[in-house]
1. Return yes or no: is V84 out of contact with any Leu (no Cβ under 8 Å at 6 or more places or on another chain), over 29 Å from A233 (Cα atoms), touching a residue at least 24 places away in the same chain (Cβ under 8 Å) and assigned to a helix (DSSP H, G or I)?
2. Just to be sure I understand the filter: pairs with C-beta atoms under 8 Å, separated by 6 or more residues or on different chains, first member in the stretch 157-186 and within 23 Å of L13 (Cα to Cα) and in contact (Cβ under 8 Å) with a residue 60 or more places away in the chain, second member among the polar types (S, T, N, Q) and assigned to a loop (DSSP other than H, G, I, E, B). Which pairs pass?
3. What about Q100, is it on the phi < 0 side of the Ramachandran plot, free of Cβ contacts under 8 Å to residues at least 40 places away in the same chain and of a type outside the set (S, T, Y)?
4. Mind listing whichever residues of the stretch 136-157 are assigned to a loop (DSSP other than H, G, I, E, B) and closer than 21 Å to A19 by Cα?
5. Out of the stretch 192-230, which residues are small (G, A, S) and modelled with pLDDT of 95 or more?
6. (1) without any contact (Cβ under 8 Å) to a residue 40 or more places away in the chain; (2) surrounded by fewer than 18 Cβ atoms within 10 Å (Cβ to Cβ); (3) over 29 Å from R120 (Cα atoms): which one isn't true of M21, the others all being true?
7. Going through the stretch 187-202 one residue at a time, which ones are in contact (Cβ under 8 Å) with a residue 12 or more places away in the chain, over 8 Å from V238 (Cβ atoms) and exposed (fewer than 14 other Cβ atoms within 10 Å of the Cβ)?
8. What's the number of the only condition in (1) within 28 Å of C207 (Cβ to Cβ); (2) in contact with a strand residue (DSSP E or B) (Cβ under 7 Å, 6 or more places away or on another chain) that T32 fails to meet?
Amino acid sequence: MNQKKLVYRRILLKISGEALMGDADYGIDPATILRVAGEIHDLAEQGVEIGLVIGGGNIFRGAGLAQGGIDRVTGDHMGMLATVINALAMQDALEKLGSQCRVMSALKINQVSEDYIRRRAVRHLEKGRIVLFAAGTGNPFFTTDSAASLRAIEIGAEIMLKATKVDGVYDSDPMKNPDAVRYEKLSYDEAIVKKLGVMDTTALVLCRDQNVPVRVFNLFEPGNLLRVVQGEAIGTLVE
């Protein structure tokens, strides 16, 4: 077990829904979600308080549905429900490993989740439970990145960790441009002005105005999550 000192004691981890697909084109890959859950579980076992937001893009994207002719508000509500499905799947995976979890939804779905109440969420974290924040902000036109920024601020997270499939933020798409350069550090305003795709502008402005640093890193490199919480300069830091 890596015994280096932990730099952060309370974090907000944002995972895209696509990260749960594995090599599939749609839905949830059981092996992938168990592997991700394993890293989160190990971190919680070391005493880190973890809030978790998972997107819904592996199932539905509200904006994409709207382009296809569905009412945008309806599409966004469908996307929120997709995040609830992902949160329940992650809760199941984490509980199989022995973690205590709570799913808290911004939409009222009392038979499968708790309502999101800030004070209750903080109490769950203090008791060592992993809290999965589902259904975004509960409002249409807001992304799950914005929801993650908002929840990070509300629970007093020391940092927001944005887990991706690439090892940070680049000046262009590293999948298309082999000469793309990775940033080790960015200011919020640089990320906004250069439109680097870190997060949407609303999410970045929320973090900027409340001084919540954001680290973008590759979740699919085993051990990276722990190394980030131990303070290693992995990926890109936005502050």
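The values are calculated or read from the model by the stated rules, or taken from the named source; none is laboratory data. Please read these numbers as outputs of a predicted model, since none were measured by experiment. Note: ideal-geometry Cβ built from the backbone for every residue, glycine included; neighbour counts use all protein chains shown.
1. On the way: out of contact with any Leu (no Cβ under 8 Å at 6 or more places or on another chain): no; over 29 Å from A233 (Cα atoms): yes; touching a residue at least 24 places away in the same chain (Cβ under 8 Å): yes; assigned to a helix (DSSP H, G or I): yes.
Considered against the rule, which asks whether it is out of contact with any Leu (no Cβ under 8 Å at 6 or more places or on another chain), over 29 Å from A233 (Cα atoms), touching a residue at least 24 places away in the same chain (Cβ under 8 Å) and assigned to a helix (DSSP H, G or I), V84 comes out as no.
2. A163/S16; T164/S16
3. Numbers: on the phi < 0 side of the Ramachandran plot: yes; free of Cβ contacts under 8 Å to residues at least 40 places away in the same chain: yes; of a type outside the set (S, T, Y): yes.
Yes.
4. First pass over the stretch 136-157, keeping only residues assigned to a loop (DSSP other than H, G, I, E, B): 136-143, 156-157.
Matches in the stretch 136-157: G136, T137, F142, T143.
5. Within the stretch 192-230, the first condition is being small (G, A, S), and the residues that meet it are 197, 203, 223.
Once the filter is applied, which keeps residues that are small (G, A, S) and modelled with pLDDT of 95 or more, the stretch 192-230 yields only A203.
6. Unmet condition: (2).
7. Those that are in contact (Cβ under 8 Å) with a residue 12 or more places away in the chain, over 8 Å from V238 (Cβ atoms) and exposed (fewer than 14 other Cβ atoms within 10 Å of the Cβ): D189, K194, G197.
8. (2)
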